[in-house]
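Below is one structure, written out as structure tokens, with a few remarks after it.
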Amino acid sequence: MAFCSACGTQVAEGATICSACSAKASGVAAPAGSGALADNVAGMLAYVTIIPAILFLVLEPYNKSRFVRFHCFQNIFLHVAALVLWIGLFIVSAVLAFIPILGHLVAFLLWMLLSIGIFIVWIVLLLKANQGQMWKLPVIGDLAEKQANA
């Protein structure tokens, strides 16, 4: 699958012009011998940790690709949201600790639910980026798309 580097719209294989924005379509694949990663691989690697996401936003060939920028920003916003949820759950767990047995059990189940939920979302985002899709999370995806278009 190839995507327009200017607007992110999927273009037909072998097409040189994007049908949506009439820009020259460079596609997902990097030019041979350039040493750059393909956009789908860079988008997937942006989800590994927050460091590659920040690096891809700074490094030259990747910061021009709307696809890579979208996945970098979505990963950064996902980490921020996970941190906020973690802090909130930490506060809730501290309050639940006053309930002898049931409070600890509920807190443990909430921690497991949050951890497994974030892990599943992370795996789905990795797979979608590797497939060349710009799969948006409900609130975070809109913010990431705004930043990628800026």
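Any read-out appearing in this document is the output of simple, stated calculations on the displayed coordinates, not a laboratory observation. Nothing here was measured: the structure is a model prediction, and the numbers come from that model. Quick reminder, even Gly has a Cβ in these numbers, built from the backbone with ideal geometry, and neighbours come from all protein chains shown.
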Residue by residue through region 138-150, what is 3J(HN,Hα) from phi via Karplus (6.51 cos²θ - 1.76 cosθ + 1.60, θ = phi - 60°)? Round to whole Hz and write x for glycine and proline.
x, 9, 5, x, 5, 5, 5, 5, 4, 5, 5, 7, 6
In nm, the gap between the two label points placed 7 Å beyond Cα toward Cβ at ILE91 and PHE108 is 2.6 nm
Once both labels are modelled 7 Å past Cα along the beta-carbon direction, what's the ILE50-ILE99 spacing in nm?
3.1 nm
Using only alpha-carbon positions, what ratio does the radius of gyration of region 51-150 give when scaled by 2.2 N^0.38 Å?
1.34
Take the Cα pairs of region 92-131, get the Kirkwood Rh, then feed it into Stokes-Einstein at 20 °C and 1.002 mPa s and tell me D in µm²/s.
186 µm²/s
